[in-house]
Amino acid sequence: MAVDGMTSGPGPTDGHGDRASRHVALAERLARVRERIGRACAAADRRAETVSLLVVSKTFSADDVLAVAALGQRDFGENYLSEALPKIEQCAGRPLVWHFIGPIQSNKTRPIAEHFDWVHSVDRPKIAERLAAQRPPGLAPLNLCIQINISAEPTKSGCSPADALTLARIVAALPELRLRGVMAIPAPSDDPVAQRAAFARVRQVIEQWRADGLRPDTLSIGMSADLEAAIAEGATIVRVGSAIFGAREF
Ligand SMILES: *Cc1c(COP(=O)(O)O)cnc(C)c1O
């Protein structure tokens, strides 16, 4: 993706009136997403503070990020380094927490280790080892989730649930990394029962790690279309993009 892709989002961006109405729309949609999270937590008998909202800003501008940040949102997720790095730079000085959630090529690990607070998409030992070696010494350990290919889709990234335990042990032993949990993107489904079944399989991975003596605290599951099912199955982070920013145009 070209760097200039970040300045183009849907909706008008020219002129103060258009920019102001964009910000009003963002505030309304953010409030609606927070309400959905609150209702899903109540339905699952969970406290609302146990689920944190990760706003996925890929393809949207730094201006959009700053507008959402001004409403109290702290965590933002990005998939593409070439787009994320200038955006992070443009938002410097704000106390934002940046999460890398896209596929990782091994020659791109250094800027991730240097500029992000979390990585959700580690799926092989080589990536974990490079992130650890490249994490700058002055920074806190990099928070890390292992991505699991829960629906066994050949085109999706992520490791198998069986390989995840081996990888989790490797991550837990690296002091520059902090093992937090798992991330998964199940095959899309409109059926809440199928959504929950896939998320339940992700939760079982965490439970298996706990039985092995590891201490994960994060289930990064659920997006705009299925956050309710994810919260019902124990999500601690939901990653939401289009429900806040609108449809993406690549
Ligand atoms: C784009 C993306 C999201 C957000 O998806 P929406 O359906 O727009 O909410 C969440 N997680 C990952 C890994 C993504 O790539």
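Summary table
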read-out	value
Long-range neighbours under 7 Å by Cβ, at least six apart or interchain, first residue in contact (Cβ under 8 Å) with a residue 60 or more places away in the chain within segment 182-200, second within 13 Å of the ligand (Cβ to nearest atom) and basic (K, R)	none
Residues that are within 16 Å of the ligand (Cβ to nearest atom), touching a residue at least 24 places away in the same chain (Cβ under 8 Å) and touching a helix residue (DSSP H, G or I) at 6+ places or on another chain (Cβ under 9 Å), drawn from segment 57-76	S57, K58, T59, F60, S61, D64, V65, V68, Q73
Residue satisfying all of: in segment 89-100; within 24 Å of E129 (Cα to Cα) and hydrophobic (A, V, I, L, M, F, W, C); nearest to the ligand (Cβ to nearest atom) among these	F100
Counted residues, segment 101-115 - those being within 14 Å of the ligand (Cβ to nearest atom) and either crowded, with 17+ Cβ neighbours inside 10 Å or part of a strand (DSSP E or B) (or both)	3
Residue among R32, R46 that alone is closer than 20 Å to G222 by Cα, among the basic types (K, R) and either crowded, with 19+ Cβ neighbours inside 10 Å or away from the ligand (no atom under 16 Å from the Cβ) (or both)	R46
Hits in segment 170-185 - residues which are away from the ligand (no atom under 16 Å from the Cβ), within 14 Å of F116 (Cβ to Cβ) and not aliphatic (A, V, I, L, M)	E176, R178
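Every number in this text was worked out from the coordinates using simple rules, so none of it is lab data. As the structure is a prediction and not an experimental result, all values here were calculated from the model. Cβ sites come from the backbone with ideal geometry, for glycine too, and all protein chains shown count toward neighbours.
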